[in-house]
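The numbers here are math on the coordinates, done by the rules we state, and not lab data. Values in this document were obtained by computation on a predicted structure and should not be read as measured data. Cβ sites come from the backbone with ideal geometry, for glycine too, and all protein chains shown count toward neighbours.
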Protein chains: 2
Amino acid sequence: MDRVAIIGASMTQFGQRDAWIRELLAEAGQAALADADVSPDEIEHLYVSNMASGEFEGQTGVPNALAHDLAAMPAYTARIDQTSSSGGAGVYAAWQSVASGASDMTMLVGGEKMTHRSTAESTDVIASLTHPVEYKHGVTLPSFAGLTARLYLDTYDAPRESLGKVAVKNHKNGVDNPHAQFRKEVDLDTVLDSPVVADPLRLYDFCPITDGSAALVFCPESVAREYTDDYAVISGIGGATDTHVVHERADPTTMGGVVNSSEIAYEMADLEPDDIEVAELHDMFTILEFLQSEDLGFFEKGEGWKAVEEGVTDRDGDLPINTSGGLKSKGHPLGASGVAQVYEIYKQLSGDAGERQVDADVGLACNVGGFGNCVTTTIMESR
Amino acid sequence: MDRVAIIGASMTQFGQRDAWIRELLAEAGQAALADADVSPDEIEHLYVSNMASGEFEGQTGVPNALAHDLAAMPAYTARIDQTSSSGGAGVYAAWQSVASGASDMTMLVGGEKMTHRSTAESTDVIASLTHPVEYKHGVTLPSFAGLTARLYLDTYDAPRESLGKVAVKNHKNGVDNPHAQFRKEVDLDTVLDSPVVADPLRLYDFCPITDGSAALVFCPESVAREYTDDYAVISGIGGATDTHVVHERADPTTMGGVVNSSEIAYEMADLEPDDIEVAELHDMFTILEFLQSEDLGFFEKGEGWKAVEEGVTDRDGDLPINTSGGLKSKGHPLGASGVAQVYEIYKQLSGDAGERQVDADVGLACNVGGFGNCVTTTIMESR
């Protein structure tokens, strides 16, 4: 079977943007079409990854608006929502549209507009994804992160400083990403002395609230060759859920959705964790980078923190993680984040990552919805 | 290639329900699993068609909640939103998940919980799908329907009464649907004398606001045979958009999304409009049944009204349309409607439609988002 290729990608400036969701999506969509050298009327399916344009902005029907704004009619459109992993779910939907033969040219545009709302309002929208039995007691995602971080540090005898070093690393990477929300280094003391949010986690352990959009163009590999010699293929992709009620998990330091989605992706790609050369992980909270790097099989359980301490995941380490700056410094516009992860891997595999470039032919993106409630894992290879 | 089969289906009671969206989805999901004789742990992908659980109920992340409530973890989940055609978009997503090889057992559950909000609040959520250039002037979907009905009656010299006869026919069909919101006949005078909503359309030209859910179980035909001899196959499916700004359409009495999506579906199924023996159309407003029956190629442009006048689309006519009662009497819980359309065709093709049974081996469902902004058309055949 023809593999599914990515032949173009874009992301907008992430941060506080003076533009509505429709404008952000159109900006990324137009840039991705230009990057792929594809005209709007070639698009057969157009997916939009977005969690909550209705709640944030009172605007629904954004896929139709985008088809109109890009002059892509009569392309079929739909919105894909999987909360904070809407982007990864969109990648999976786009992959399926091509792999099923339904579309020979699919565009995915992910985006979210959040900063016009207060942090309390935004947090309330995000918290509505949690299970009512936890939500009504005020247990939000940052609470889960704090509880899990405490358990992880205690269980695996990891120092608090190791979490801070995730923030330091990802901020350092973000300096070289022109689209990142924060392009400044932070030192460990700044992280460790920042205000407590959910003990033991502090302000710099959390990603910001962000506006932004990112887009990708997909087609069968046989079609890709007509457009470019410079494409990447999705060689493995999978998705999986874990309990919606987080406290029901047997071991809260393991994310079952990461384990199960990556097993599907590794099997499809016929690859092992050791084959991965660069990865974008969902560092919404610093602790999540440890959990994912272990649950993806990169490191033994309880040893992800050592990899960060030893520089293994630095840009010049054996397995660079979050070369883009991650959600931590790049920002986290919910529906865009999973798309922007794949954008970064695509750029790395294409040798087009500028100052951030690492040497890699195989990359992985892991996008986490909720607190690991649903996860998509995508493995890509340079052609 | 293995065709995609449907091996089980369910729908809940439609109407005013004392249950939240999570409960409605779980009710339909459990019933569909029972109907298919499939256990939750066999489900690999679980899609939820829903437009606005966040806006209506302050609850997001419902696909994860459903995976949890059905004990279907670690099945992959995502929400598919295409406004009022979310159900049809969900059918397309489920079809793609199986046809791409990503899943050998996919469940789709569509639902919406609306009646706890006032009509004004619900209408405001729905109206947010329209383009801002029209929405800000107060042009809502019922307004488009009124304007289009006036144009249609004038252009094709159709009597006002013909629109009323759509309501009369669909209410009559609904009497025999145990899940319908309204199970009572209405006479033509009642329709024609009901309060004006958007001239020339009156109250009985509109579908109600509804709570409800419906579910389907999909798998490859080769897998279906292991479960049952009584399945249907999706032989054609397609989706297409029209302008998001409705007033930009060259001919507002033609729905380009219906034309284009059905062309894709007919070609895939290698069938012609004349081959269709039963159809579920999106009669959110009576005028839409005329437009779709013409744009799907069942009748010449401007002659759909004659078919209704002549009884062609009655249950005992040559081409029964909306044997379920349609959105008009069955109700229109946005995310469920497109799923319930396919449920009805599945029941008809399986000879399991009870009092509503017609003689048909080929059926079609047409689900319309917005005012034809995005449309999915699904063609099914009995095995």
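A label point on residue B:302, set 7 Å along the Cα-to-Cβ line, lies at 8.0 nm from each of its counterparts in the other copies, closest listed first.
What FRET efficiency would be calculated for the residue pair residue A:250, residue B:267, taking the C-beta separation as r and a Förster radius of 35 Å, to the nearest 0.05? If you can, show how the numbers build up before the last one.
Values: r = 50 Å, r/R0 = 1.43.
Efficiency, from the Cβ-Cβ distance: 0.10.
Farthest toward the positive end of the dipole of region A:37-128, out of A:67, A:89, A:118, is the Cα of A:118, where the dipole comes from beta carbon charges about the Cα centre. Restricting attention to chain A, close to 70% of DSSP beta bridges with both partner residues there are antiparallel.
Other chains' Cβ within 10 Å of A:123-132 residues: what's the mean? Please list the in-between numbers first.
Working: counts 0, 1, 3, 2, 3, 7, 7, 5, 7, 5.
Counting other chains' Cβ atoms within 10 Å and averaging over A:123-132 gives 4.
For region B:279-295, backbone phi angles converted through the Karplus equation (6.51, -1.76, 1.60; θ = phi - 60°) give residue-by-residue couplings of 9, 10, 10, 8, 8, 4, 10, 3, 4, 5, 5, 4, 4, 5, 5, 7, 6 Hz, Gly and Pro being listed as x.
Each label was represented as a point 7 Å from its Cα along the Cα-to-Cβ direction; for residue B:310 and residue A:359 these points are 7.6 nm apart.
In this structure the amide hydrogen of residue B:51, modeled in the peptide plane, comes within under 5 Å of the amide hydrogens of B:335, none closer than 5 places in sequence on its chain. A straight Cα-to-Cα reach below 16 Å connects residue B:165 with the lysines B:184, B:306, B:328, residues fewer than 8 places away in its own chain not being considered.
Across the copies of the chain, residue A:187 has label points (7 Å from Cα along Cα→Cβ) spaced 8.9 nm apart, shortest distance listed first. Okay, which of region A:223-259 sit inside 12 Å, backbone N to the point 7 Å along the Cα-Cβ direction of residue A:155? Correct set: A:249-256.
The distance linking region A:301-325 with region B:220-258 is 47 Å (Cα centroid to Cα centroid, whole angstrom). Only Lys, Arg, Asp and Glu carry charge here, each on its Cβ (+1 for the first two, -1 for the last two); on that basis the protein assembly as shown has a dipole of about 2120 debye about its Cα centre. Take residue B:199, move 7 Å from Cα toward the beta carbon, and the resulting point lies 6.9 nm from the same point in each other copy, nearest first.
Other protein chain C-beta atoms within 10 Å of residue C-beta, averaged over B:66-74: 5. Quick one: work out the % antiparallel among DSSP beta bridges in the protein assembly as shown, nearest 5. Once the DSSP bridges in the protein assembly as shown are tallied, antiparallel ones form about 70 percent. If the elastic network links every pair of Cα atoms under 10 Å, which of A:300, A:27, A:57 fluctuates the most in the Gaussian network model of chain A? Among A:300, A:27, A:57, the largest GNM mean-square fluctuation belongs to A:300.
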